[in-house]
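Please treat every number below as a calculation from the coordinates, not as lab data. For clarity, every value in this text was computed on a predicted model and none was experimentally measured. Because the Cβ atoms are built from the backbone with ideal geometry, glycine has one as well, and the counts that use them run over all protein chains shown.
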Amino acid sequence: MNAKKQGAGFHLLLHSTHLLEERLRNFLKPLGLHAGQARFIDALGRVGEASQRQLSAEFSVTPASMSQMTRRLIDNGFIQLRNDPQDKRAAILSLTDKGKQLRYEVVSIWQEVDQIIIDAIGAENAEQLFTQSGRLRDALGGKTPMTNPGSTPNR
């Protein structure tokens, strides 16, 4: 590879991701969410309920960060907390009805962002991009939170 081209592929990927994240941020702003909270709402909606400890591990964030995020989502009425009957020190989280509606809106926004990609590069190229992005994420040690390893990746 010639010296002028080195790193160009990575930079294009990084720049494209930055531009898409900016669009996503603008779409989520009216909901009062950031991208991490949207992923959290989706994951909790998929599994029904989970402990803060489990969610902290799945999202690779500190318990303090998870506690801060869950506090905001509780205060906004999107999730509810109850004590784990088997471990009084553990808190179990689940979506409220308002949170379930929010999850629907989040998924709709994600579909809008997918459509931006499809419109930009075509459906076949977009599907290849999504597939290859999942492979790259997996190869780098990532996974969709709250899924079993080897399961079909969610975006």
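Structure above, values below:
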{"read-out": "5 angstrom amide H check on Thr144, placed H, neighbours 5+ away", "value": "Asn154"}
{"read-out": "Extent along principal axes [Cα atoms of the chain; Å; largest to smallest]", "value": "61, 30, 26"}
{"read-out": "Distance between modelled label sites at Asp84 and Phe10, nm, 7 Å Cα→Cβ extension", "value": "3.9 nm"}
{"read-out": "Angle in degrees between helix 123-139 and the longest Cα principal axis of the chain, rounded to the nearest 10", "value": "60 degrees"}
{"read-out": "Length-normalised contact order of the chain in % [C-alpha pairs under 8 Å, at least 6 apart]", "value": "22 percent"}
{"read-out": "Selected from Ala43, Ala57, Ala120 as most flexible by GNM, with the chain as the system and alpha-carbon contacts under 10 Å", "value": "Ala120"}
{"read-out": "Proximal aspartates and glutamates to Lys143, defined as alpha-carbon separation beneath 12 angstrom and excluding residues fewer than eight positions away on the same chain", "value": "Glu58"}
{"read-out": "Residue exposure sequence - Asp75, Asp42 - by fewest surrounding Cβ within 10 Å", "value": "Asp75, Asp42"}
